[in-house]
Amino acid sequence: MRLLPLALLLLAAREPDVEGPKGLFRRLPPAEPGEWLFVFPEEGQTFAEYRKADPVRPTRERRTVYLAPFLTRPARDPGMLPAMAALLQASFSAEVRVLPPRPLPSGAYVRARRQVSAFALAPHLVRELPADALLVLAVTDRDLFVGDLSHAFGWGSLKLRVGVLSTARLGAEDDPPLARRRTMTLALHEAGHLLSLPHCTFYRCLMNGALTIEEADARPAALCPVCRAKLCWNLGTDPLARERALAGAFARAGMECDARDALTIAETKG
């Protein structure tokens, strides 16, 4: 019999502490080789643990979400930033502002690797946090790496209120709707980290980690019951009102399947 690593056994033993409508949310299956949780066997976090963890939360002064574009060429999708802003506004019930595009800060782009270092960019974002910022999410079309990882789709700090996503590896140039969905779900995922939501290990969920584009495509645009409870408690928002707002934003972004899923969640009683 092949023995599982202790970390994976402990992971399998944990249970979610928030239940959702039956049939709408599938439990996350055991990780396969090459998948995020196989390489990084994270323990996950319950709703009760999140509340005790002192997560990043809005204050009277800090309530605005900022998008900071660092683009080297005109975006293939001219509606990318407006659609992203609309989705973040619906998800967080917050004002979203798009900062003027600008060059990457000195030192953030590592020429020898032809990549942006998330850890080198983060201090610049922290130093320039607007006084009213709840969070700042940077958007770059350069390839990205994080720490020892050779590349990454994005990175979000659980405490610093800053993060970054890269469109470089999202592909689908011949399929604009798929490219749009990949970009939008990545933005929602990384922004979730900035309110201290870690990767989800309980359900198929927007907050699942992903090493490959196939794994990223497999995660839904919806938060699972545990992660949605965390976000709505954090922001003091009504879960069903949030789903209805997201359904409208998804529809306007051309994400019709995700819009229908959000409406189904909003209209289904547990």
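The values are calculated or read from the model by the stated rules, or taken from the named source; none is laboratory data. As the structure is a computational prediction, the values presented were derived from the model and not from experiment. Glycine also receives a Cβ, built like all others from the backbone with ideal geometry; neighbour counts cover every protein chain displayed.
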Given (1) touching a residue at least 40 places away in the same chain (Cβ under 8 Å); (2) surrounded by fewer than 18 Cβ atoms within 10 Å (Cβ to Cβ); (3) out of contact with any Lys or Arg (no Cβ under 7 Å at 6 or more places or on another chain), number of the condition Leu137 does not satisfy
(2)
Which residues, counting only those in region 207-222, are touching a residue at least 24 places away in the same chain (Cβ under 8 Å), assigned to a helix (DSSP H, G or I) and more than 11 Å from Thr185 (Cα to Cα)?
Ile213, Glu215
Filter pass, Arg97 being of a type in the set (Lys, Arg), farther than 22 Å from Pro225 by Cβ and surrounded by 13 or more Cβ atoms within 10 Å (Cβ to Cβ)
yes
Sort out which residues of region 193-221 are of a type in the set (A, V, I, L, M, F, W, C) and either in contact with a His (Cβ under 7 Å, 6 or more places away or on another chain) or crowded, with 18+ Cβ neighbours inside 10 Å (or both), and write them in order of number.
Leu194, Leu195, Leu197, Cys200, Phe202, Cys205, Leu206, Met207, Ala210, Leu211, Ala216, Ala221
Quick one: Ala152 ticks every box in (1) surrounded by fewer than 17 Cβ atoms within 10 Å (Cβ to Cβ); (2) modelled with pLDDT of 95 or more; (3) part of a loop (DSSP other than H, G, I, E, B) except a single one, so which number is it?
(1)
Residue list for region 225-241, restricted to those being touching a helix residue (DSSP H, G or I) at 6+ places or on another chain (Cβ under 6 Å) and free of Cβ contacts under 8 Å to residues at least 12 places away in the same chain
Cys232, Pro239
Filtering region 223-241 down to residues that are within 16 Å of Pro58 (Cβ to Cβ) and part of a helix (DSSP H, G or I) yields Lys230, Leu231, Cys232, Trp233, Asn234, Leu235
Can you tell me which residue is farthest from Val98 (Cα to Cα) among those in region 140-159 that are without any contact (Cβ under 8 Å) to a residue 60 or more places away in the chain and among the charged types (D, E, K, R)?
Asp148
Take region 242-265 and flag every residue that is in a helix (DSSP H, G or I), surrounded by fewer than 17 Cβ atoms within 10 Å (Cβ to Cβ), touching a helix residue (DSSP H, G or I) at 6+ places or on another chain (Cβ under 8 Å) and in contact (Cβ under 8 Å) with a residue 24 or more places away in the chain.
Gly248, Arg252
Scan (1) in a strand (DSSP E or B); (2) closer than 24 Å to Cys257 by Cβ for the single condition Leu170 breaks and write down its number.
(1)
Among the candidates Pro225, Pro220, Pro177, residue that is farther than 18 Å from Leu134 by Cβ and modelled with pLDDT under 95:
Pro177
Residue that is touching a strand residue (DSSP E or B) at 6+ places or on another chain (Cβ under 9 Å) and not β-branched (Val, Ile, Thr), where the choices are Ala131, Ala112, Ala172, Ala122
Ala122
If you take the residues in region 222-237 that are touching a Phe, Trp or Tyr at 6+ places or on another chain (Cβ under 7 Å) and over 13 Å from Gln45 (Cβ atoms), which one is surrounded by the fewest Cβ atoms within 10 Å (Cβ to Cβ)?
Leu235
